[in-house]
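Every number here is computed from the coordinates shown, using simple stated rules; none is lab data. What you are looking at is a predicted structure, and each value in this text was computed from that prediction instead of being measured. Cβ sites come from the backbone with ideal geometry, for glycine too, and all protein chains shown count toward neighbours.
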Amino acid sequence: MKRFFPLLAVLFMAAGVTSCLDWDDEEEPSFLTWATITSNEKAPTLKADNGVILHALNSVDTDTTFYEVGDRVYLQFTLGDTSQANGTDYPIYVANYMSVKTKDIVTIDHDSNDVYHSVPLSRLNSAILSGGYLNCIIHLFASYSSENTVELLRYKLEETNLPTDTLPVILLTLKHNAPAIDHTYSQVRAYSFSLDTLFAEFPQAKALKLRLSWTDDNQYNQYDLRYSPTSITP
């Protein structure tokens, strides 16, 4: 069986190095990627955020929400027989996956109010730009109520950007929108926040600086990410 591990290591993330989940290591080398479902068969086809098409060879034992075309997943997989692979299509075996909630950014401007709760996250495991999204895997403390979501807020009213800026700074904050939490129990969730509308405000910008902030159980955190429409991180 011919394999292209050096190429795949560039296109996708090696699971043994980057996985932040308790997914057991496979006997075969495995990879991680964010992807979108493009067919709803029991053995689905997916399009990874870097454009590569992944054809599952095994049926996925899961609920039907996995099979909605357009749904996003965070995927661990191993390769099938790549002897006929052409660099854009790969046969794979799905090892593990997480369903991903897709959401829009909430903009807080002068004519809007920040009505969202802001209890601490347990931990932000990863924040990766790919596919036109900010993709996050987050450990959340359990909520005491049914109100329990994560929102990505843009504080536009605090920005000092001009429409002519070539590298505007976008102020983003992850918030756990729950009134109260149980610190003895946590859960893992995955989110993809759409970034599609940001560039329309800055026609001369080649990239955006996303200043992401969040509060976990220990401290306030801030991190800058550089985003352009060509960002293809897997």
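Using Cβ counts within 10 Å as a stand-in for footprinting exposure, how do I128, I92 rank, fewest first?
I128, I92
Taking each pair of distinct Cα atoms in segment 105-227 once, what is the resulting Kirkwood hydrodynamic radius in Å?
In segment 105-227 this quantity evaluates to 15.2 Å.
Excluding residues fewer than 8 places away in the same chain, name every one of the lysines whose C-alpha is closer than 24 Å to that of K47.
List returned: K2, K101, K103.
Under the 0.36 nm per residue contour assumption, what length would be gained going from the current alpha-carbon distance of K156 and A43 to full extension?
Full extension of this stretch gives 36.4 nm more.
Find, among the trypsin sites (Lys or Arg not before Pro) in segment 156-234, those assigned to loop by DSSP (not H, G, I, E, B) with at most 11 other beta-carbon atoms within 10 angstrom.
Passing sites in segment 156-234 are K206.
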